[in-house]
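A.B. asks: Below you'll find the structure I mean.
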Amino acid sequence: MSQLSGGNDVMVMEVGEALNPLAIARQQLDNVAERLNLNQSVYKLLRHPRRTVSVSVPVVMDDGSVQVFTGYRVHHNLFRGPAKGGIRYHPDVTLDEVSALAMWMTWKCALVDIPFGGAKGGVVCNPKEMSLGEQERMTRRLTSELMIILGPDKDIPAPDVNTNAQTMGWILDTYSMNVGHSVPSVVTGKPLAVGGSRGREEATGRGCVRTVLEALKHLEIEVEGVRVAVQGFGNVGRIAAGLMQGRRASIVAVSDSQGGIYNPNGLDVEKVAAYKAETGQVAGFPGADEVTNEEVLEVDCDVLIPAALENQITERNADRIRASVVAEGANGPTIPAADEILYDRGIFLIPDILANAGGVTVSYFEWVQGLMQFFWSEEEVNEKLRTVMRKAFHDTLEVSIREKVDMRVAAYLLAVSRTAEAGKTLGVYP
Ligand code: GLU
């Protein structure tokens with residue numbers, strides 16, 4: 001970020017734009033729009049969110065003071081079905097970020113071919129400095145403010161960064177209280193006790209690992225002994241690391257927002273998870289070298305899973321990535337300039353809208369189970385997830401080989417054309 005402090009306005013604008021998630025999301029759409037010969041009205045619509053709601057969320061804090069947080073819910077597009085996507089709590093949330101994430105949800109749902117449009121929500125706050133009670137009151141008031149757009153056939157939130165099954169439980173309860181009856185299908189990723197799906201919590205990590213396994217098979221790399229580095233040790237990174245270890249891969253580095261650890265001989269994921277549960281971080285884990293969150297991306301490994309936040313792989317570090325496969329567990333971890341560098345270097349990148357689509361896929365299963373009031377076993381959920389992820393991976397790979405483009409462009413070609421097809425059929429109202 002030192003470039004930003006140089007006082008050069010042009011530089012500031014260029015750097016800012018290069019890392020603005022909405023500018024990036026639009027650029028990714030533009031990259032395929034011409035190739036697809038997109039209908040102009042559909043293209044124009046897809047560049048902008050369909051609906052944006054911005055709310056002020058007053059919360060009585062534990063000390064009796066009132067703090068007002070800013071929250072957003074963005075519906076990017078509803079051509080293929082009701083709005084679907086997570087809600088994140090993070091100090092760096094911006095409207096542009098939430099809008100980009102909503103657009104990425106549209107493509108993700110289209111790519112795995114589930115009948116949803118894309119949405120995302122966010123609140124600018126630091127949940128790590130808030131008590132559980134404060135988080136609950138904030139979530140309930142946020143839900144009340146968003147009541148008008150939520151609903152099981154309108155907009156169905158799910159967990160994202162710093163939100164979880166408990167957060168969904170509060171949304172479900174608040175929504176149900178307001179309408180006067182229980183509406184479990186208004187959220188997914190909710191606790192099993194109130195209609196959640198078996199396998200949902202692990203689904204994003206599990207789906208990510210499935211795409212890695214398919215990529216390794218395609219590249220004729222044996223999974224046993226493959227060295228894996230994972231940035232982010234939350235719901236996605238931790239699960240992916242554990243499942244890769246279960247396949248006899250060697251997890252050489254992991255990190256969280258406090259820093260990372262590296263051991264070329266492999267880390268025991270379960271022990272690291274226990275250490276983090278106790279201390280709140282992975283740094284300090286005995287028998288490993290400390291590395292920064294950025295250095296984790298550059299360690300000597302075969303598979304890199306960035307599973308934290310956006311803008312981690314840029315033109316500044318893309319030529320130092322040593323993995324031969326990068327699987328984007330996070331949304332938006334690689335900026336377009338870095339995409340090109342990785343592709344030129346022959347690195348096989350599995351884009352976010354494919355690599356992390358397992359979460360929303362099992363969200364769809366949860367929604368279906370709730371509407372049917374008929375629940376599946378974990379094996380059934382995992383089996384169906386495997387089928388969806390495999391198909392999406394191979395559909396994308398086929399386009400990538402046929403069109404001689406990287407996996408991100410291939411995924412966009414598929415997702416955008418499916419969405420545009422729906423838009424063309426629906427037409428412009430009135
Ligand atoms: N937040 C997750 C994502 O980015 C899951 C969304 C959902 O299940 O609706 O894909």
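A.B. asks: If you scan the range 203-250, which residues turn out to be touching a helix residue (DSSP H, G or I) at 6+ places or on another chain (Cβ under 8 Å), aliphatic (A, V, I, L, M), over 29 Å from Thr188 (Cα atoms) and surrounded by fewer than 24 Cβ atoms within 10 Å (Cβ to Cβ)?
C.D. replies: Val223, Val226
A.B. asks: Go through Val42, Val60, Val32, Val53 for me and flag whichever is at pLDDT below 95 and of a type in the set (Val, Ile, Thr). I'd like the intermediate steps shown before the answer.
C.D. replies: Values: Val60 fails: at pLDDT below 95; Val32 fails: at pLDDT below 95; Val53 fails: at pLDDT below 95.
Of the residues listed, the single one that is at pLDDT below 95 and of a type in the set (Val, Ile, Thr) is Val42.
A.B. asks: So, one more: Please work out which one of (1) more than 13 Å from the ligand (Cβ to nearest atom); (2) closer than 22 Å to Asn235 by Cα; (3) buried (at least 19 other Cβ atoms within 10 Å of the Cβ); (4) of a type outside the set (D, E, K, R) is the condition Pro91 fails and give its number.
C.D. replies: All conditions pass for Pro91, except number (3).
A.B. asks: How many of the residues making up the range 64-100 are polar (S, T, N, Q) and within 11 Å of Val123 (Cβ to Cβ)?
C.D. replies: 1
A.B. asks: Name the residues in the range 29-52 that are of a type in the set (Val, Ile, Thr) and more than 15 Å from Ala411 (Cα to Cα), would you?
C.D. replies: Val42, Thr52
A.B. asks: Could you tell me whether any residue of the range 294-311 is on the phi > 0 side of the Ramachandran plot and surrounded by fewer than 22 Cβ atoms within 10 Å (Cβ to Cβ)?
C.D. replies: Looking for residues that are on the phi > 0 side of the Ramachandran plot and surrounded by fewer than 22 Cβ atoms within 10 Å (Cβ to Cβ), one finds at least one in the range 294-311, hence yes.
A.B. asks: Tell me the helices (runs of 4 or more DSSP H) entirely within the range 82-196 that contain at least 2 residues that are under 29 Å from Ala410 (Cα atoms) and either in contact (Cβ under 8 Å) with a residue 12 or more places away in the chain or charged (D, E, K, R) (or both).
C.D. replies: 95-111
A.B. asks: Something else: Name the single residue, out of those in the range 59-86 being of a type in the set (Val, Ile, Thr) and surrounded by fewer than 24 Cβ atoms within 10 Å (Cβ to Cβ), that is nearest to Asn235 (Cα to Cα).
C.D. replies: Among those that are of a type in the set (Val, Ile, Thr) and surrounded by fewer than 24 Cβ atoms within 10 Å (Cβ to Cβ), it is Thr70.
A.B. asks: Just a yes or no: is a residue in the range 152-165 over 19 Å from Val93 (Cβ atoms), modelled with pLDDT of 95 or more, under 21 Å from the mean Cα position of the chain (by Cα) and within 10 Å of the ligand (Cβ to nearest atom)?
C.D. replies: Looking through the range 152-165, at least one residue is over 19 Å from Val93 (Cβ atoms), modelled with pLDDT of 95 or more, under 21 Å from the mean Cα position of the chain (by Cα) and within 10 Å of the ligand (Cβ to nearest atom).
The values are calculated or read from the model by the stated rules, or taken from the named source; none is laboratory data. What you see is a predicted model, and the numbers here were worked out from it, not measured in a lab. As a convention, Cβ positions derive from the backbone with ideal geometry for all residues, glycine included, and neighbour counts pool all protein chains shown.
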